Amino acid sequence: MILILQGAASGQGFLKVQGTKIINSATQQEVYLKGIGLGGWLLQEGYMLHTSSFAPAQWQIKERIKDLIGETNTETFYETYRQNYVTRADIDSIKKWGFNSIRLPFHYNLFAVNSNPPVFLEKGFQIIDSLLSWCEANQLYLILDMHAAPGGQSNENISDYNPAFPSLWESEANKDLTVKIWRKIAERYKDKQWIGGYDLLNEPKWDLGAGNVPLRNLYIRLTDTIRAVDTNHIVYIEGNWFATDFSGLAPAWDAQMVYSFHKYWNNNDQGSIQYLVDLRNNTQRPLWLGETGENSNHWLTTFAELVKNNNIGWASWPHKKIQSVAGPLSATLSPQYRTLLNYWSGTGTRPSADYAFNALMTQAELLKLENCTYNKDYIRALLVQPFSQATVPYADNVIPGTIYAVNYDMGRNGVAYNDNDFQNVGGNSYNSGFEYRNDGVDIEKCSDLGSNGYNVGWTQNNEWLAYTVSVAQSGIYNISYSVASPNGGGSIIAMLGSQVLGQIVSVPATGGWQNWVTRTVQGVSLQAGTHRLLLKFYTGDFNISYIDFTLISTGTEEEISAPAEFGLSQNYPNPFNPATTIEYSIAERSHVRLSVYNSLSQEVAVLTDEITEPGRHSAKFSGEKFPSGVYFLKLSSGRNSVTRKMILMK
């Protein structure tokens, strides 16, 4: 039995290893970890602060800040930054969203000054003490992760590596300090049951030779040091090369040991993790995916399915960033902070010290949870969508009214929407705009006055969006599409259930991607109720910001009972495969011919060719023997004639 602990305090115990499982020692029940990392809080990474191009590591960011506002104000800013980035409200929210654990990445310099001899600090412990109290109140496991070791365990900015100083692997003093810090952590928290364990080194990345001998030796030394004071907690062991290479790290050397790997930007198939499953089976130690994410919602959903099927707990990354859709929380990037970024990147003038300090403090204030945007689609993709094909509305889409293009339903690619580039599995961008939502659908800010500030763009052939809509009033509607394209040539097909909403809408050349025009389909009958609205981009290369439904008549019932007139309705479904239904009406008894033509104006089928009584009639057309393409229906009766376009799509 797998139990995701919400747990009563009376059933609380330490997390322990039992074969290939992680269990609660008090209940002996398995614990499936679903966690999130507090990245960017106690160790800054440039991409989260939009400084990657000029200051990717924390030491570089701090240097630029000190250059503008001085050392004293810099320390004031960092204190405020840390106070605001994670508060009790953040931890309460993490619990409410459905997680049961937290991974805390920390910088060693909150615990010690790397001097000779080193000076140990209380600051890091005070931060963990507060965080742990919030986790205990929410019954969340807290896993401590040394994200930046003395000197840096990698030559990457994520370990705050400075090439002017020796790395962790080039200095025995750095290794000694790492061991001493973990000893003090273990002494402090050895009896704390909501500490979920110690993640000893985040993402080592160094050429350590065949078998990673220096890494194994340091891990064993760290484990032995911790066990001298703490036999209660799990130690998590990450492989070399961004926690992917575990050569030399087996067999396991500790009974309470878990192998922790990271997974980014590859396919969510069994082959991507099989070597890790083999490691688990061969060592009889559990696996934990300590870091993953930074991808589309669809990728998150299929990742969660993959690891659950393999009984591997996980922690997504991270919980908060500045101006980002790829995470639960997004802090607004203030105009004042943008001024600093412009200066640092060489595109703006140097601000005054007062301006810079106020800009930084304003940005720190915006980091509070109550000032952040909650990306509900991200959380749903991670915690609700796995193993489900269901969709739910992203917003209330009511007809009559305006439906914003970006408010399509939440769900998987191929179910709620269809986008050709929907995940990153090898350096490809899944989202060209990275605005508003985290699906593969490309969204950008727009200038259309009738929009909600965003449009869907970068459209490609056969992409589509689905919306749950509520038609409040049956009647006849005009439907207007707000579109923009410098080139024209795009086309949109809209369907309400199986009903085609008028003819195909052609997108003209408007003179630019943000030069907006409306194209209107008139006189479409809609029935009240909840429906699925599908917008299919039969041909792309245009932007769309909204669809407006205007009620022009409520006389639907009277019109239905009125005498029939000559007319040919749009076939449904359209596009179709392989068959479609055609409805037509005749005002008086006459000879009627209903035929189908291909795009070369060649008649390919005759559906009706006979004397027909007045009234409404229907016919079927099967395209089973015909190739995909555009076809034309032609209805003729006496001097009357009408043509409709239909699309066979196999």
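Overview of values
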{"item": "Most to least packed among 402-415, 121-134 [average Cβ atoms within 10 Å]", "result": "402-415, 121-134"}
{"item": "Translational D in µm²/s for segment 141-251 (Stokes-Einstein at 4 °C, 1.567 mPa s, Kirkwood Rh from C-alpha pairs)", "result": "92 µm²/s"}
{"item": "Convex hull of Cα atoms in the chain, direction-averaged projection (nm²)", "result": "34.8 nm²"}
{"item": "Alpha-carbon Rg with Dmax, taken over segment 215-254, Å", "result": "10.6, 30"}
{"item": "Kirkwood hydrodynamic radius of segment 393-557, from inverse mean 1/r over distinct Cα pairs, in Å", "result": "15.9 Å"}
{"item": "Distance histogram for segment 128-167 (every C-alpha pair counted, 10 angstrom bins, percent rounded to whole numbers)", "result": "29, 28, 24, 17, 2"}
{"item": "Against the rule of thumb 2.2 N^0.38 Å, how large the Cα Rg of segment 142-196 comes out", "result": "1.29"}
{"item": "Which of His531, His591, His233 has the fewest Cβ neighbours within 10 Å, and the rest in rising order", "result": "His591, His531, His233"}
{"item": "For segment 322-374, alpha-carbon Rg relative to the globular expectation (2.2 N^0.38 Å, N residues)", "result": "1.22"}
{"item": "Whole-Å distance, taken between Cα centres, linking segment 34-62 and segment 358-381", "result": "15 Å"}
{"item": "Distance between segment 206-235 and segment 266-314 - C-alpha centres, whole angstrom", "result": "23 Å"}
{"item": "Neighbour-count ranking [beta-carbon atoms within 10 angstrom, fewest first] of Ser485, Ser25, Ser525", "result": "Ser25, Ser525, Ser485"}
{"item": "Cα-Cα P(r), segment 348-387, percent of pairs per 10 Å interval", "result": "24, 27, 23, 16, 9, 1"}
{"item": "Candidate lysines for bridging to Lys645, where Cα separation is under 22 Å - those fewer than 8 sequence places away on the same chain excluded", "result": "Lys536, Lys620, Lys625, Lys634"}
{"item": "Distance histogram for segment 424-495 (every C-alpha pair counted, 10 angstrom bins, percent rounded to whole numbers)", "result": "14, 41, 33, 10, 2"}
{"item": "Centroid-to-centroid separation of segment 64-78 and segment 180-195 [C-alpha atoms, Å]", "result": "32 Å"}
{"item": "Percent of Cα pairs exceeding the 20 Å cut-off, where the set is segment 337-445", "result": "59 percent"}
{"item": "Cβ-based charge dipole, segment 393-557, positive-most Cα from Ser553, Asn397, Gly414", "result": "Ser553"}
{"item": "Quarter of Cα convex hull surface for segment 563-648, i.e. mean projection, nm²", "result": "5.0 nm²"}
{"item": "Rule-of-thumb Rg ratio for segment 488-628 [Cα; 2.2 N^0.38 Å; N residues]", "result": "1.22"}
{"item": "Mean Cα-pair separation over length for the chain, i.e. relative contact order, pairs under 8 Å, 6 or more apart, %", "result": "9 percent"}
{"item": "Equivalent ellipsoid semi-axes, segment 293-397, via Cα gyration tensor eigenvalues times 5, rooted, Å", "result": "36, 15, 12"}
{"item": "Residues Glu305, Glu238, Glu71, sorted so that the one with the fewest Cβ neighbours within 10 Å comes first", "result": "Glu71, Glu305, Glu238"}
{"item": "Principal axis box of segment 9-69, alpha-carbon based, largest edge first, Å", "result": "55, 23, 14"}
{"item": "Cα Rg, Dmax, segment 74-219, angstrom units", "result": "16.2, 46"}
{"item": "Cross-link reach list, lysines versus Lys320, counting only Cα pairs under 18 Å and skipping chain neighbours closer than eight places", "result": "Lys34, Lys95, Lys96, Lys368, Lys376"}
{"item": "Cubic angstrom per residue, convex hull over Cα atoms of segment 1-151", "result": "156 Å³"}
{"item": "Structure-based [θ]222 nm, the chain - -39500 (n - 2.57) summed over DSSP H runs of at least 4, per residue, nearest 500", "result": "-7500 deg cm²/dmol"}
{"item": "Kirkwood estimate for segment 193-294, i.e. one over the average of 1/r between Cα atoms, Å", "result": "14.1 Å"}
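Laboratory data are not the source of any read-out in this text; all were calculated from the coordinates shown. All values reported here derive from a predicted model rather than from experimental measurement. No Cβ is skipped: glycine too gets one built from the backbone with ideal geometry, and neighbour counts run over all protein chains shown.
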